[in-house]
Amino acid sequence: MFSLANKAIREKSDIINILLATLPEIMLEGKSKDNNLGYCEILIGKSSRIIFTLQNKDSGQIYKKFSFSFPFQIERQTDSTLLTSWIIKDKNGLEISSRLISILQSLSKDQWFAEDIDTSDEALVFYDHLLEAIKNVDLDLSIDDTMVWHLIRRLFLFEPGYLRYDLDDDEERLDPIYHPLHHLDIFFSNKATFKIGLIKEEIEKSEWYSSGFENLLDLESPCYFLKV
């Protein structure tokens, strides 16, 4: 999961890949840590977001935080006989099981969520891949194509609302005007993204690293203001 989180996000399929890799972690633990590389949290309130915090393994210095919309709902698991801590559902109440996630991951691995999908691949070809993925994962056929297609549409259509904080000290790119040390990247594709520089003295206060980015995304927290 954290290897994907460290890769550049340039299109919607990158978001989907990270989301699908994170869902099993949420089901099992609710909050995931990986060898002091960082952690992942779900923010549920008026908004619904997943937030990654990445840090240097040796120093613990946070160098990146990023977030995107979490398109599902979560509920506490009440069945103590099960290993999962959380139940993940879509807005219509469909429970997203580990087998459903495996099917979606299989389709993602075959690039069916990619923007540059081969235009020669017709709808029927996609449907054949969908049925094959279901067959490979769900041998008792309790999952049908309608269930999977419903989730595929949800992944295609949800608005990511991507936002990233970077502490980027790469000397080749560092520039106080065009690429400041501390900045926010808004949106992910090259045609849409833009940066907002952040004042070093304000960012290096402990409040920013502990909760500043999260408060920026929380609709129930006071607004931040830009001076222009």
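The values are calculated or read from the model by the stated rules, or taken from the named source; none is laboratory data. Since this is a predicted model, take the numbers as computed values, not measurements. Cβ placement follows ideal geometry from the backbone for every residue including glycine, while neighbour counts extend to all protein chains displayed.
Here's the yes/no breakdown for (1) touching a residue at least 60 places away in the same chain (Cβ under 8 Å); (2) more than 14 Å from S67 (Cβ to Cβ); (3) aromatic (F, W, Y); (4) touching a Pro at 6+ places or on another chain (Cβ under 9 Å):
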position	(1), (2), (3), (4)
H179	no, yes, no, no
F187	no, no, yes, yes
K200	no, yes, no, yes
I203	no, yes, no, no
Y209	yes, yes, yes, no
L217	yes, no, no, no
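Annotation: of all residues in the range 41-61 being among the polar types (S, T, N, Q) and either part of a strand (DSSP E or B) or in contact with a Ser or Thr (Cβ under 9 Å, 6 or more places away or on another chain) (or both), the one that is surrounded by the most Cβ atoms within 10 Å (Cβ to Cβ) is T53. Scanning the range 90-101 for residues being within 15 Å of P24 (Cβ to Cβ) and either over 20 Å from the mean Cα position of the chain (by Cα) or surrounded by fewer than 17 Cβ atoms within 10 Å (Cβ to Cβ) (or both) gives a total of 3.
Across the range 71-90, not a single residue is classified as among the aromatic types (F, W, Y), assigned to a strand (DSSP E or B) and at pLDDT 90 or above.
Scanning for something at negative phi and more than 18 Å from the chain's Cα centre (by Cα), does the range 11-23 turn up at least one residue? Break it down into steps so the answer makes sense when it comes.
Of the residues in the range 11-23, the ones at negative phi are 11-23.
Next, from what is left, pick out any that are more than 18 Å from the chain's Cα centre (by Cα): none.
For the range 11-23, residues at negative phi and more than 18 Å from the chain's Cα centre (by Cα): absent.
Assuming K64 fulfils every condition listed in (1) surrounded by 14 or more Cβ atoms within 10 Å (Cβ to Cβ); (2) under 22 Å from E115 (Cβ atoms) apart from one, which condition is it? Going through the list (1) surrounded by 14 or more Cβ atoms within 10 Å (Cβ to Cβ); (2) under 22 Å from E115 (Cβ atoms), K64 breaks only (2).
On the stretch given as the range 100-111, residues that are at pLDDT 90 or above and touching a Ser or Thr at 6+ places or on another chain (Cβ under 9 Å) total 1.
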